[in-house]
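Peer 1: Dumping the structure here so I can ask a few things about it.
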Amino acid sequence: MSTWVRPRLTGGSQIAKVMPGDPGWSWTGLEVIELAPGAQRSVETGGLEYIVLPLSGAAQVTVAGVTHSLAGRPDVFSGPSDMVYVGRDNSFTLTSPAGGRFALAAAVAATSRPTCYLATADVPVELRGAGQASRQVRNFGTPGVLEADSIIACEVITPAGNWSSYPPHKHDQERPGLETQLEEIYYFELQAEAGATAGEPIGYQRVYGTTERPIEVLAEVRSGDVVLIPHGWHGPAMAPPGYDMYYLNVMAGPGEERAWLICDDPAHAWVRQTWQTQKVDPRIAPTPSTTREE
């Protein structure tokens, strides 16, 4: 299980780092860094495309002499953020005047796409599930929102006591129109509910395989931890009572189609039908751009 569960890094500015070429890993990457006020980070993209996403704080991203200002946000639970996409065979410099925490999500890219900025107001927000399976999904890097070569990225808020990434599902085969082969990174942050005074926030992530491709993960996760999903059924991501859960998903794969096509575990797919008679958790309040998806 240790291959697929990466605890938060300590002792430096790096919180998390996963890159193509790591053991068992081929298509996606993620680096989460903390920058001191005025600090910079320069990146040569090479054969990767990148999304620069503020997790806390504001920043400037300079690409080919053009600077894009990111307003960012106080923290991941306060709402979506603007972001910048940078294609392969390029370079960029990230600067944070006041300091902050930033995600550099990456994926192997076959073609170079233009740099683009996505404003916070243009990030589609959807409410997925219902009842105790309610969660809020921010689709800043999904097909139809971001023009990219291969990367698919989004972030999810799961209120305390709810289950997310549920029913368990997989996307590890190329089946036209039914399923796409995508490896996936989960990066977690957690917070105690308002009014809590003690305890380190925790959550849980489940991954399990098929007979042909076994994998077993049941991990307790904390802020800064990463779970890798090379294949297999994954879900639920569980937010225990008292602790809200955030996770950032980064996906990519070898297929020609850039699409998130999944299939549910047949043993649990029936759960989706129960949502039709349940209300969405009011703690994930809708916004003007919110949509509802079963």
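Peer 1: For the range 23-132, what D do you get in µm² per second when you plug the Kirkwood radius from alpha-carbon pairs into Stokes-Einstein at 25 °C and 0.890 mPa s?
Peer 2: Estimated diffusion coefficient is 168 µm²/s.
Peer 1: Right, something else. From the residues THR115, ALA64, PHE77, which one has its Cα farthest along the dipole of the range 51-126 in the positive direction, the dipole being from +1 and -1 charges on Cβ of Lys/Arg and Asp/Glu about the Cα centre?
Peer 2: Value: ALA64.
Peer 1: Percent of alpha carbon pairs in the range 164-294 separated by more than 24 Å?
Peer 2: Cα-Cα pairs of the range 164-294 separated by over 24 Å account for 38 percent.
Peer 1: Distance between Cα centroids, the range 127-160 to the range 1-22: provide it in whole Å.
Peer 2: Rounded to whole Å, the Cα centres lie 23 Å apart.
Peer 1: Counting Lys and Arg as +1 and Asp and Glu as -1, what is the net charge of the other residues whose Cβ lies under 14 Å from the Cβ of TYR208?
Peer 2: -2
Peer 1: Which percent of the Cα-Cα distances in the range 117-206 go past 20 Å?
Peer 2: In whole percent, the share of Cα-Cα pairs in the range 117-206 beyond 20 Å is 50.
Peer 1: Next question, about the same structure. Report, to the nearest whole %, how much of the accessible area of the range 115-196 belongs to carbon and sulfur atoms, 1.4 Å probe, protein only.
Peer 2: It is 50 percent, rounded to a whole number.
Peer 1: Using θ = phi - 60° and the Karplus relation 6.51 cos²θ - 1.76 cosθ + 1.60, list the HN-Hα couplings for the range 56-73 in order, rounded to whole Hz, with x at every Gly or Pro.
Peer 2: 8, x, 9, 7, 10, 10, 9, 10, 6, x, 9, 9, 10, 8, 9, 5, x, 6
Peer 1: For ASP122 and ARG222, compute 0.36 nm times the residue count separating them, minus their Cα-Cα distance, and round to one decimal in nm.
Peer 2: Gain on extension, ASP122 to ARG222, equals 33.0 nm.
Peer 1: Return the Cα extents of the chain along principal axes one, two and three, sorted largest first, each rounded to a whole Å.
Peer 2: 52, 47, 39
The values are calculated or read from the model by the stated rules, or taken from the named source; none is laboratory data. Note that the coordinates shown come from a computational prediction; the quantities given were computed from them, not determined experimentally. Because the Cβ atoms are built from the backbone with ideal geometry, glycine has one as well, and the counts that use them run over all protein chains shown. The accessibility values were calculated without ligands, DNA or RNA, using every heavy atom of the protein model including side chains. Shrake-Rupley method; radii C 1.70, N 1.55, O 1.52, S 1.80 Å.
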